[in-house]
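This report refers to the structure that appears directly beneath it.
The values are calculated or read from the model by the stated rules, or taken from the named source; none is laboratory data. Note that this is a predicted model, so its numbers are computed, not measured. So basically every Cβ, Gly included, is an ideal-geometry build from the backbone, and we count neighbours across all protein chains shown. In case anyone asks, the SASA skips ligands and DNA or RNA and just uses the protein heavy atoms, side chains included. Shrake-Rupley method; radii C 1.70, N 1.55, O 1.52, S 1.80 Å.
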Amino acid sequence: MKTAGDDAPGGADRPARKDEPKRRQGRLTVSAALGDDDEKQRSYAAVKRARERERERRLKMAGGGAEKVSREVVLPESITVADLANRMSERQADVVKFMMQQGELVRSTDVLDADTAQLIVEEFGHTVKRVAESDVEIGLEGHEDIDDHLEPRPPVVTVMGHVDHGKTSLLDALRQTDVVSGEAGGITQHIGAYQVQLKSGEKITFLDTPGHAAFSSMRARGANATDIVILVVAADDGVMPQTIEAIQHAKAAGAPIIVAVNKVDKHDADPNKVLTQLLQYDVQVEAMGGETPAVSVSALKKTGLDELTATISALAEILELKANPDRDADGVVIESKLDKGRGSVATVLVNRGTLSKGDIIVAGAQWGRVKALNNERGQSLETAGPATPVEILGLDGSPDPGDAFVVVDSEARAREIIDYRVRTKRNKSGAGMRTSLDQMLARLKEGGTAAGGQTKEAAFILKGDVQGSVEAITQALEKLSTDEVRARVVLGAVGGISESDVQLAAGANAPIIAFNVRANKQARDLAEREGVEIRYYSIIYNLIDDVKGVLSGMLAPERRETFLGYAEILQVFSISKAGKVAGCRVSEGIVRRGSGVRLLRDNVVIHEGTLSTLKRFKDEVPEVKQGMECGMAFLNYQDIREGDQIECFQVELIERKLD
C-alpha cells in the first residue's frame, strides 16, 4: 500500500528519517567536503582578528594601552619609505596610510626628502637626528696610531727622471730582472711597484714612474705616495725638462732626494757637470756643502748599486719610518687594469695595517671583497703589511690611479659609501657640463672663436691596457685643444675593443684608438662593415703626433695676401656685351688677370672682387706691367668712374699646424 509521500518525485514531501543522511544543499566546497557539517569552519584571518580584538580589550581593561617606545631616528638627506619605516620599527602600511591622510599617495620604494621624513617621524612619536650625506665617510680612515703600536716598515722609494736616463734599467739592476726589453720603445708605460730584499735582509719598496711628459700626473701621484725620491740623471745628458719636473714633484711632496748619476761608464760622462746644474734648482749635494746625497752608478755595468742601497737604508733610518700592522689596512692605488681572465686587477700600496684575503675594501668609486693577493713575482699571499705593494683581485671595477683604498667592516657600509661617491661624482660632472655650455654660449654672444664662430671637434674612442695610460693620454689630447679645434675622448676605458665600442664609435662618427690592446674578431668584422677605423699604438708620443696631425688638418688655412700693383682709371667705356670697361694705366707693380682687386675712391675701398677681363688693345693678356695701358673689367660690378684707383693683390692659403 502506497503513501502520498512515496508518489512525490525524489521524496520531497516526505520527512527525512533520523538514520537517513542529510541531502546536500548549495555548492560543494573543500571545507564542506572535509569538515563536520554541524560545525562552521572559520578562516585563519578571522581567528587572528578575534584574538587581536581580545588582546586590545584586555589592555583597555588593564588601564590603557602599552606605552609606545620612542626611538631616535637617524635621517639622511633622502630616504625611502621602506627604510624610514624600518628605522622607526613601524609598519610600512601605517606610513603609507599616514601619507594618504596628508593627501599624498606613496609606495614603499619612493624616496622622501629629509623635511617630509622628519614630519612623519615626529607624527609617529619618535625623535629625529639629521645627518648630511657626506657623514657616511666620517671615521672611514679609522683612528690615529699611537707610538706603542708602531713597528718599523720598509721605505717606499720612487725612481724619477727624464726619458731614457735609465730609471727602469737601474731598477732592473737592483732586482736582477729584465723588464726593459718588454717595454715598447724602451720607456715605461705605467707605474710598477716592486719590493727588493737586500743581502742584509732589509726590504725596499720601489715605485717606477714613467718618464714621458704625458705621465706628469702619475709621476706626481708617485711622489705623494713615497718616502724617498731617487732622481736619476744621465751623466752624458745632464738636467733635462722632466728632471726639473721630478724635482718639483719631490719638493711638493716633501720627500728627501737621493741623486743617482747614471751612465758614468760612458766616455762623455761628466758627473760634476750634473751636480753643478742641479744647484740652479735648489738641489745642493753633500760634495758641494749641501744635505742631498749623490751616488754615481752604472745600471749597465751594475756599479755603485751597493752604495745606493746603503744610502737608502741610512736615510730610511734617519726618517724613522714606522706603521701599525695590527689594524684595518688603508693605502693608495698605484695602477689598475681590466684582465680578460681575472677581471679588474689593481696594484695597491698598503700604508697602514695589514691587508688580508677576504677583506672588504673601498677604492675610489669601486668596492669588492679581496679574492686574491699577488706580489710582483706573481706569488699568492695571504696578507700584505705596511709598505708592501700587491695586486688585488675582486673589485667591481677599475679604480683610478692615486685613489685611496680602505678596508670597511661590512658590504652594507661599502655600498653606502660607493652610492654616495658615485652620486657626488655624477653631480660634479653635470655641473661641469653646465659650466662648459654656459661658457660656450657666452663665447657665441661675444662673436664666436677666432676661427669664425665655432670650435671644430675631433671625437675619439680610447681603449688602453691600464687606467693610468688612458688618463695620461686623455690629458695629453686635451692639452692639444685650442679655440679653433679640440680633441674629445667620447669614451676612455681599459680592456680590449668589443662590439659595443665599435657601435659607439659608429654612432659618434669617431675612430678607435687602441693603446696596447686589441679588438676581438667580432669587433674587427663589425668595424669593417661599419667603416670604423681602429688604430693601434704601443708608444704614446706616436699616438699624440697622429692626433696632432688630425687637428692641424682641421685648422682653417692662413690667408696670406701679396700686393701686386696699382692701376689708375683714365676713362670708362660702355660695351654692349661686356658692360663697363675701364681704360687704365698701371702706375705701380703689375696687374694680373684672375687676381683679387679692390676699387679705391678717394683712398676708400668701395669694392673688393675679382678681375674678370685684362686686355691690351683687343687681345686678352695674362698680365700688364708698370707704365703700360690696358682695359680692365670687374666680375659682377659696374660702378667704376674716372679717377678711381685699382689695387691688385694675390691671395695664398697656407696650411697651419698646431705647435
- Sole residue being at pLDDT below 90, of a type in the set (S, T, N, Q) and either more than 23 Å from ILE473 (Cα to Cα) or open to solvent by 90 Å² or more (accessible area, probe 1.4 Å) (or both), chosen from SER538, SER552, SER574: SER574
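For segment 75-147, which strands (runs of 3 or more DSSP E) that fit wholly inside it have 3 or more residues that are open to solvent by 40 Å² or more (accessible area, probe 1.4 Å)?
127-130
Restrict the check to segment 639-659 and report whether at least one residue is touching a helix residue (DSSP H, G or I) at 6+ places or on another chain (Cβ under 6 Å) and touching a residue at least 60 places away in the same chain (Cβ under 8 Å).
Within segment 639-659 (the criterion being touching a helix residue (DSSP H, G or I) at 6+ places or on another chain (Cβ under 6 Å) and touching a residue at least 60 places away in the same chain (Cβ under 8 Å)), the answer is yes, since at least one residue qualifies.
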- In segment 317-332, what residues are more than 35 Å from the chain's Cα centre (by Cα) and on the phi < 0 side of the Ramachandran plot? GLU317, ILE318, LEU319
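Kindly indicate the residue of segment 53-74 that is under 29 Å from LEU119 (Cβ atoms) and in a helix (DSSP H, G or I) and also modelled with the lowest pLDDT among those meeting that condition. Quick ask: steps written out before the conclusion?
Narrowing segment 53-74 to residues under 29 Å from LEU119 (Cβ atoms): 56, 59, 64-74.
Checking the rest, the ones that are also in a helix (DSSP H, G or I) come to 56, 59.
Numbers: GLU56: 70, LEU59: 60.
Checked segment 53-74; the qualifying residue modelled with the lowest pLDDT is LEU59.
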- Query: For segment 302-314, does any single residue satisfy the condition of being open to solvent by less than 70 Å² (accessible area, probe 1.4 Å), part of a helix (DSSP H, G or I), more than 18 Å from LEU171 (Cα to Cα) and not hydrophobic (A, V, I, L, M, F, W, C)?
  - Reply: no
- Could you list, in sequence order, all residues of segment 258-272 that are crowded, with 16+ Cβ neighbours inside 10 Å and part of a helix (DSSP H, G or I)? PRO271
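What residue, of GLU642, GLU629, GLU608, GLU620, is charged (D, E, K, R) and either open to solvent by less than 90 Å² (accessible area, probe 1.4 Å) or modelled with pLDDT under 85 (or both)?
Details: GLU642 fails: either open to solvent by less than 90 Å² (accessible area, probe 1.4 Å) or modelled with pLDDT under 85 (or both); GLU629 fails: either open to solvent by less than 90 Å² (accessible area, probe 1.4 Å) or modelled with pLDDT under 85 (or both); GLU608 fails: either open to solvent by less than 90 Å² (accessible area, probe 1.4 Å) or modelled with pLDDT under 85 (or both).
So the residue among GLU642, GLU629, GLU608, GLU620 that is charged (D, E, K, R) and either open to solvent by less than 90 Å² (accessible area, probe 1.4 Å) or modelled with pLDDT under 85 (or both) is GLU620.
Assess whether THR158 counts as being closer than 25 Å to ALA269 by Cα, open to solvent by less than 40 Å² (accessible area, probe 1.4 Å) and modelled with pLDDT under 70. Steps first, answer last, please.
On the way: closer than 25 Å to ALA269 by Cα: yes; open to solvent by less than 40 Å² (accessible area, probe 1.4 Å): yes; modelled with pLDDT under 70: no.
No: the conditions fail for THR158.
What residue, of GLN522, GLN503, is farther than 30 Å from PRO401 by Cα, open to solvent by 60 Å² or more (accessible area, probe 1.4 Å), assigned to a helix (DSSP H, G or I) and free of Cβ contacts under 8 Å to residues at least 60 places away in the same chain? Walk me through how you get there before you give the answer.
Working: GLN503 fails: farther than 30 Å from PRO401 by Cα.
Every option except GLN522 fails the conditions.
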- Message: For segment 645-659, which positions are open to solvent by 50 Å² or more (accessible area, probe 1.4 Å) and out of contact with any Gly (no Cβ under 9 Å at 6 or more places or on another chain)?
- Response: GLN645, GLU652, LEU653, ARG656, ASP659
- Query: If the Cβ limit is 9 Å and pairs must be 6+ apart or interchain, which residue in segment 560-576 that is closer than 14 Å to GLN645 by Cβ pairs with which residue that is assigned to a strand (DSSP E or B) and among the hydroxyl-bearing types (Ser, Thr, Tyr)?
  - Reply: GLY565/SER587; TYR566/SER587; ALA567/SER587; GLU568/SER587
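Residues checked against (1) within 19 Å of the chain's Cα centre (by Cα); (2) hydrophobic (A, V, I, L, M, F, W, C):
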{"residue": "LYS456", "(1), (2)": "no, no"}
{"residue": "ILE461", "(1), (2)": "yes, yes"}
{"residue": "GLY468", "(1), (2)": "yes, no"}
{"residue": "GLN475", "(1), (2)": "yes, no"}
{"residue": "THR482", "(1), (2)": "no, no"}
{"residue": "VAL490", "(1), (2)": "yes, yes"}
{"residue": "LEU504", "(1), (2)": "yes, yes"}
